[in-house]
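Here the structure comes first, spelled out in structure tokens, and everything after it is commentary.
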Amino acid sequence: MNEEQGETMTAANTPRERAQLEPGLPALEVNNLQVEFAAQGGRVQAVRGVSLSVQSGETLGIVGESGCGKSVTMMSMLGLIPMPPGRIVGGSAKLNGRELLGLSVAQLNKIRGVDIGMVFQDPMSALNPTMRIGEQIAETLMIHRGMSQREALQRAVALLDRTKIPEARQRARQYPFEFSGGMLQRAMIAMSLACSPSVLVADEPTTALDVTIQNQVLELMREIQREEGMAIVLITHDLGVVARMADQVAVMYAGQIVERGTVEDIFYRSAHPYTLGLKAAMPDAHVHVNEKLTAIPGSPPDLFAPPEGCGYCSRCDYAMQVCDKHLPDLMAVSRGHVSRCWLQHPEAGVEVEGLYQPAAKGSPSC
Amino acid sequence: MTQFIFKRLLSGVITIWFIATATFVAMHAVPGDPLANDKAVAPEIRRNLEARYGLDKPVLQQYGIFLSNMLHGDFGISFTQKNRHVNDIIREHFPVSAVLGVLALIIATVGGVVWGALTAVYRDRWPDSVIMFLVVIAVSVPSFVFAMLGQLGILAMNEWLGFSLLPVAGWGSFGHMLVPALVLGLGTMAYLTRLMRSSMLEVTSADYIRTARAKGVSPLRIFFKHQLRNAILPVVTVLGPSIAAITTGGFVVELVFAIPGLGRFFVQAVQQLDYTVIMGTTVFYGAFLVFMVLLVDILYGFIDPRIRVGQVRG
């Protein structure tokens with residue numbers, strides 16, 4: 001414990017310093033991750049070969065509707081899904097170059113909370129109701145940094161202060177039920193950042209908060225990222241949050257990434273019909289109260305028996321014959337921008353309005 | 001907190017008054033009287049006795065006297081036992097029942113929490129099935145059966161060992177208490193085991209347990225620091241009623257194991273319509289239970305910060 005502490009403390013204190021030791025190495029790199037859950041009479045293929053990576057100081061947004069596997073992707077590599085019934089079938093997940101999959105619980109416990117921190121959706125239920133906020137933050141430091149309780153509690157107060165909780169000293173002695181939702185999420189962020197992790201995974205961090213508080217919490221995350229240079233993986237279904245926060249975006253559908261690129265690629269050069277659908281479903285300020293919100297008709301495929309072809313095929317307005325039977329690969333649209341859609345194939349020969357298709361002849365480039 | 005305790009004490013006093021009144025009414029509604037049990041007494045002696053005990057007065061006045069005496073902490077003199085004051089009976093025999101009851105409660109609570117936690121940890125595997133099977137038996141078989149089985153067990157064990165390791169009945173040493181307390185606590189323990197099991201299972205899938213795992217907390221520490229305290233809350237809630245169950249269950253166990261506790265006097269008194277003893281022991285038990293339930297409520301506040309009542313926090 002002490003040895004490890006000395007190593008991390010002297011060599012590099014912040015994720016930024018750590019990243020500078022090995023430039024170019026992604027903070028987190030996931031390759032072809034496959035996760036399934038045993039269910040009655042079969043298995044649900046929740047994650048079907050997901051690859052993504054995020055650099056230090058960068059934010060990767062993972063978007064998709066409920067059940068598309070965005071949370072499971074992140075949770076499974078940290079051993080946070082119940083196993084069984086969950087099972088990692090294959091792939092790899094490397095944190096600072098170190099393989100996470102296949103590690104024992106004891107080994108994972110030296111990584112979780114240290115090199116990778118997590119913030120969950122509902123802060124009201126994500127914190128232990130019978131433990132003081134300060135103690136919950138201090139626990140991480142006591143376990144991983146070998147601090148005494150006194151020392152750790154002091155540091156916890158400093159962390160609460162840093163996440164802009166007023167009267168941090170008094171607040172640290174309170175219980176979760178005495179905090180408001182936004183404050184709890186700040187405390188949660190303070191807790192996940194206690195050991196200055198290289199990667200912060202935020203799973204729908206603002207979904208349970210009201211809009212004004214959402215803003216503050218997101219701003220806080222960005223500010224700390226600027227200071228410490230950690231990578232953030234932001235899981236959300238809110239495109240607005242992604243647009244504000246993310247550098248890179250991965251759009252997930254039915255356990256797969258269907259489009260991946262920079263935030264500009266995704267929003268201004270959407271190359272997958274599903275991304276178009278998500279964008280169309282986004283409410284904006286001009287929609288009248290009486291107008292119905294746009295929705296994508298239909299529902300995602302049953303991952304108990306995933307379809308042979310593209311999972312979006314049955315809901316897609318532009319589906320072709322090939323889509324039903326053959327699953328497209330991720331096709332390069334431009335540098336660093338990929339889309340899993342046959343429309344991007346040079347031989348598709350179909351032009352879709354609003355869809356970015358460099359492959360189709362004569363399509364406008366923007 | 002003081003306000004809360006004060007309120008509860010007040011409602012406790014009302015409860016006790018209600019118990020006292022109900023017992024008084026029930027007693028006088030039963031045909032016969034404490035003197036009817038004795039051999040034929042001459043009418044004038046009987047009148048003297050009635051005058052001596054105040055039974056010749058109108059019922060309402062008797063009630064008034066009884067209440068006023070009770071407020072002074074005087075439960076009167078027994079009708080059937082020579083020269084024994086009810087206060088003395090309680091003073092001499094209640095400690096025996098209390099020791100037995102407390103021991104039974106400790107066994108029940110510790111056992112319930114440990115077994116319940118174990119079944120949750122080994123969910124759907126053989127330790128779970130075995131314990132839950134035993135729990136069903138312990139809940140459904142009445143305590144006098146276990147009391148006799150316990151005695152038979154002690155006998156068999158002593159015979160097998162060739163010397164007397166545990167006494168079969170009586171009172172005096174820790175050896176005397178062990179098996180009766182176990183028998184007395186068994187039903188409650190089984191009930192608490194079931195409660196603890198479901199509560200543990202609920203807590204195991206709670207979000208904050210996932211948070212603790214995401215922080216890199218070891219499974220053992222999660223179990224003790226995060227799960228146990230939260231899972232124990234429902235168990236603490238039913239401790240009050242459990243104390244009542246154990247106390248009343250004590251009557252039977254005391255009888256089988258020939259333990260000189262208060263229970264025996266209580267049962268005897270009812271059979272002989274010994275007014276003062278019935279009233280005294282009932283009111284005393286009532287007060288005791290009210291006090292214990294209050295104690296449990298205060299304890300609950302310590303374990304669950306959300307329940308700390310009446311406290312203004314900023």
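The values are calculated or read from the model by the stated rules, or taken from the named source; none is laboratory data. Keep in mind it's a predicted model, so treat the numbers as computed, not measured. Cβ placement follows ideal geometry from the backbone for every residue including glycine, while neighbour counts extend to all protein chains displayed.
Applying the condition of being assigned to a loop (DSSP other than H, G, I, E, B) and under 19 Å from A:Arg260 (Cα atoms) to segment A:301-315 and asking which residue is modelled with the lowest pLDDT yields A:Gly311. Here segment A:162-174 is the region considered, the condition is being crowded, with 20+ Cβ neighbours inside 10 Å and of a type outside the set (A, V, I, L, M, F, W, C), and the residue that is nearest to A:Ile232 (Cα to Cα) is A:Thr163.
The set of residues in segment B:73-111 that are exposed (fewer than 13 other Cβ atoms within 10 Å of the Cβ) and under 13 Å from B:Val283 (Cβ atoms) contains only B:Gly73.
Let's see how each residue does on (1) touching a residue at least 24 places away in the same chain (Cβ under 8 Å); (2) part of a helix (DSSP H, G or I); (3) more than 14 Å from the chain's Cα centre (by Cα):
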position	(1), (2), (3)
B:Ala244	yes, yes, no
B:Gly250	yes, yes, no
B:Val253	yes, yes, no
B:Ile259	yes, no, yes
B:Gly263	yes, yes, no
B:Val267	no, yes, yes
B:Ile278	yes, yes, yes
B:Thr281	yes, yes, no
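Of the numbered criteria (1) modelled with pLDDT under 85; (2) assigned to a helix (DSSP H, G or I), the one B:Asp124 fails is (2). In the set (1) of a type in the set (A, V, I, L, M, F, W, C); (2) over 29 Å from A:Asp302 (Cβ atoms); (3) away from chain B (no Cβ under 13 Å), A:Val30 fails one condition alone, (2). Restricting to helices (runs of 4 or more DSSP H) lying wholly in segment B:1-91: which have 2 or more residues that are among the aromatic types (Phe, Trp, Tyr)? Those helices (runs of 4 or more DSSP H) span B:2-29, B:59-71.
Across segment A:24-42, the qualifying residues are those that are part of a loop (DSSP other than H, G, I, E, B) and within 18 Å of A:Ser92 (Cα to Cα), and the one among them that is farthest from the chain's Cα centre (by Cα) is A:Leu25.
When the residues of segment A:115-126 are filtered to those that are of a type in the set (Gly, Ala, Ser) and surrounded by 24 or more Cβ atoms within 10 Å (Cβ to Cβ), which remaining residue is nearest to the other protein chains (Cβ to nearest Cβ)?
Looking at the filtered set, the residue picked out is A:Ala126.
Can you tell me which residue among A:Leu80, A:Leu52, A:Leu95 is more than 14 Å from chain B (Cβ to nearest Cβ) and surrounded by 18 or more Cβ atoms within 10 Å (Cβ to Cβ)?
Step by step, each of A:Leu80, A:Leu52, A:Leu95 is checked, and only A:Leu52 is more than 14 Å from chain B (Cβ to nearest Cβ) and surrounded by 18 or more Cβ atoms within 10 Å (Cβ to Cβ).
Scanning segment A:55-71 for residues that are buried (at least 24 other Cβ atoms within 10 Å of the Cβ) and within 10 Å of the chain's Cα centre (by Cα) gives A:Thr59, A:Leu60, A:Gly61, A:Ile62, A:Val63, A:Lys70.
Counting the residues of segment A:127-179 that are in a loop (DSSP other than H, G, I, E, B), more than 13 Å from every other protein chain (Cβ to nearest Cβ) and under 26 Å from the mean Cα position of the chain (by Cα) gives 3.
One residue stands out in segment A:175-208 among those that are surrounded by 22 or more Cβ atoms within 10 Å (Cβ to Cβ) and without any contact (Cβ under 8 Å) to a residue 40 or more places away in the chain: the one that is nearest to B:Asp304 (Cα to Cα), namely A:Met183.
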